[in-house]
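All remarks here apply to the structure that follows.
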């Protein structure tokens, strides 16, 4: 009774009425408790018990000690007992001569990267090189005592990434290409370094089931190419049996958490279990791993990919990851004459078509939509991380039945050509096409928690250049202000009202009160895309306002009209609100004159003019957190673009701000040179 009385604030009100000059000492604490409870009930209501239930089960097992008991520390030798034979390679690799003929001039790029790894330099997150370290340091507690944001004061993903063993796949491919034993020696040196410093279930490298699964699969693929090397001894392979068995048991123990996430975590961990069963078919748990892995993988692919091809996480890079995991498991399954069910194949076909429409054919890049943590499960290509064509070509071959020009990724993962399958619904990509430019408008109907508050964001591309860009992610676990700030509405190419995001930020990765968009009208659709579209979202319904955006293109002239409208059009006398329109642009030389911005692309001037009729507007231009134009004190994260995880490059952030009573219209005119 007393606790309830405190939580409803009655005592505070009574004390305040008796003496308003004396603050109650527990007011801040009670206020935070009420806020957390409110957000908790809202999350339960909006996310549903199907998602919250498995998560609560996981948290109970974590804090009760059940998970610590289920994943007791053992040695790799002990974990290897009763494993039986190790079946490698998982599927037949190409012949060395065939591989050499395929790579031709790209051979030099692969060998150069492998030589860097031999010297302990590895490209992480598809970007710059980092020292290759598999020693997480002396803090080796049970994995349940490690958290994602508490590891020597650094971002845990910087620790995890080398242990995903992406570097091992490069050494393995270089060995297949050249036969150079240096690559085999380095592979075993680094692998045994991991085994020495990371005993089963101890340390941060065991804290995430997804990290464990990705490591298992990458190492399983790689070691299969070193079978003929004299460095691959029976003793070393016996120890790897314990590695694979311990990893599979760790994944199985926390599948509840992956189910609660119901995103790429579940796909990765289910694929890891299926792979473990193929590696250790004689293990006592192998059949359980195979059944659980196969059933949860099909469940995930059928529920996470919508019939129209959109992915549940609203992320281009996570969709690439899921397609590659699906290709990898399909390749393993083919050895056992197994295939995905037709419904799974139909969803994979739809996802492939969706990603295909998002592709910039000239550069191979896609919009930097949603979460981008640098994940590239098996980088079986010499193309850069930003090039989506290798995975997309393999997926076209496997899931659309479209033969493509043979490349390395397709050689490894495409397998037998799939049968053409019709999608269950139109592919939901609102792509508009000009003469040498194109754009894609973000207008989502969320049925799962979004990663970014970015409704009606517009990406514009011209001659392979991302002229109006999504900022990306940068880092999830850094210290403020870089703790995942690029998910906010204010850094996307859309409107904010009164400085508020479109949704309620309830956690590091959790948005509630989802803004839902609807398409009000569409122009003509041809092979290139639309020529105009009208959309609207309800993210500012609490203010009784709607944001409507009209985008049209003729040639390479683009018009974007943003309207802030009362939801009830009969209402008059609205109070003034602060409206801000933002564009994220390349870091080019610029000139500005009265709302008109000239950008020197090196191929001619790109211009954009922003106007707000009948209202006085203020303009600002920010680069890398520094104000170049206007009178603003920008946030440190304004004016940055993150091409991959833990990397950022300067960009130009152009914004116009208006304070006026709705209805209000702001018009942006873009012009790209011929």
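The values are calculated or read from the model by the stated rules, or taken from the named source; none is laboratory data. As the structure is a computational prediction, the values presented were derived from the model and not from experiment. A quick note on method: Cβ atoms are made from the backbone with ideal geometry, for glycine too, and the neighbour counts reach across all protein chains shown.
General observations
- One residue alone among 158, 132, 140, 124 is touching a strand residue (DSSP E or B) at 6+ places or on another chain (Cβ under 9 Å), surrounded by 14 or more Cβ atoms within 10 Å (Cβ to Cβ) and over 21 Å from residue 378 (Cα atoms), and that residue is 140.
- Residue list for region 453-468, restricted to those being part of a loop (DSSP other than H, G, I, E, B) and surrounded by 24 or more Cβ atoms within 10 Å (Cβ to Cβ): 453, 454, 455, 456, 457
- As a summary of the residue check, residue 612 satisfies the conditions (1) surrounded by fewer than 17 Cβ atoms within 10 Å (Cβ to Cβ); (2) farther than 30 Å from residue 315 by Cβ except for the one numbered (1).
- Here region 132-177 is the region considered, the condition is being in a strand (DSSP E or B) and under 24 Å from the mean Cα position of the chain (by Cα), and the residue that is modelled with the highest pLDDT is 147.
- Being part of a strand (DSSP E or B), over 32 Å from the mean Cα position of the chain (by Cα) and either modelled with pLDDT of 95 or more or surrounded by 15 or more Cβ atoms within 10 Å (Cβ to Cβ) (or both) is not true of residue 607.
- Residue selected from region 615-627 under the condition under 20 Å from residue 658 (Cβ atoms) and surrounded by 15 or more Cβ atoms within 10 Å (Cβ to Cβ), by the criterion nearest to the chain's Cα centre (by Cα): 622
- Filtered residue count, region 220-234, keeping only those that are surrounded by fewer than 24 Cβ atoms within 10 Å (Cβ to Cβ) and part of a helix (DSSP H, G or I): 1
- Output for region 86-112, where each listed residue is in a helix (DSSP H, G or I) and in contact with a helix residue (DSSP H, G or I) (Cβ under 9 Å, 6 or more places away or on another chain): 96, 98, 99, 100, 102, 103, 106, 107, 109, 110, 111
- Output for region 519-533, where each listed residue is assigned to a strand (DSSP E or B), at pLDDT 85 or above and either surrounded by fewer than 18 Cβ atoms within 10 Å (Cβ to Cβ) or in contact with a helix residue (DSSP H, G or I) (Cβ under 6 Å, 6 or more places away or on another chain) (or both): 519, 520, 521, 522, 532
- Among the residues of region 614-632, those identified as in contact with a strand residue (DSSP E or B) (Cβ under 6 Å, 6 or more places away or on another chain), at negative phi and either in a loop (DSSP other than H, G, I, E, B) or in the same structural domain as residue 369 (by TED's automatic domain parsing) (or both) are 615, 632.
- Search result, residues across region 633-664 that are at negative phi, part of a loop (DSSP other than H, G, I, E, B) and crowded, with 20+ Cβ neighbours inside 10 Å: 637, 638, 645, 651, 662
- Test for residue 314: is it more than 28 Å from the chain's Cα centre (by Cα), assigned to a loop (DSSP other than H, G, I, E, B), touching a residue at least 24 places away in the same chain (Cβ under 8 Å) and farther than 21 Å from residue 418 by Cβ: no
- Of everything in region 568-583 that is modelled with pLDDT of 90 or more and surrounded by fewer than 16 Cβ atoms within 10 Å (Cβ to Cβ), the residue that is nearest to the chain's Cα centre (by Cα) is 578.
Residues are listed down the side, and each one gets a yes or a no for (1) closer than 15 Å to residue 247 by Cα; (2) out of contact with any helix residue (DSSP H, G or I) (no Cβ under 7 Å at 6 or more places or on another chain); (3) in contact (Cβ under 8 Å) with a residue 24 or more places away in the chain; (4) assigned to a helix (DSSP H, G or I):
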{"site": "269", "(1), (2), (3), (4)": "yes, no, yes, yes"}
{"site": "283", "(1), (2), (3), (4)": "yes, no, yes, no"}
{"site": "290", "(1), (2), (3), (4)": "yes, no, no, yes"}
{"site": "298", "(1), (2), (3), (4)": "no, no, yes, yes"}
{"site": "301", "(1), (2), (3), (4)": "no, no, yes, yes"}
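- Matching residues in region 87-111 - criterion: being under 17 Å from residue 223 (Cα atoms) and over 33 Å from the mean Cα position of the chain (by Cα): 95, 96
- Test: residue 450 is assigned by TED's automatic domain parsing to the domain that holds residue 653, modelled with pLDDT under 95, part of a loop (DSSP other than H, G, I, E, B) and surrounded by 17 or more Cβ atoms within 10 Å (Cβ to Cβ): yes
- Under the condition of being part of a loop (DSSP other than H, G, I, E, B) and either surrounded by fewer than 24 Cβ atoms within 10 Å (Cβ to Cβ) or touching a helix residue (DSSP H, G or I) at 6+ places or on another chain (Cβ under 9 Å) (or both), the residues counted in region 470-497 number 17.
- Which listed residue, of 584, 597, is assigned to a strand (DSSP E or B), within 23 Å of residue 455 (Cβ to Cβ) and in the same structural domain as residue 660 (by TED's automatic domain parsing): 584
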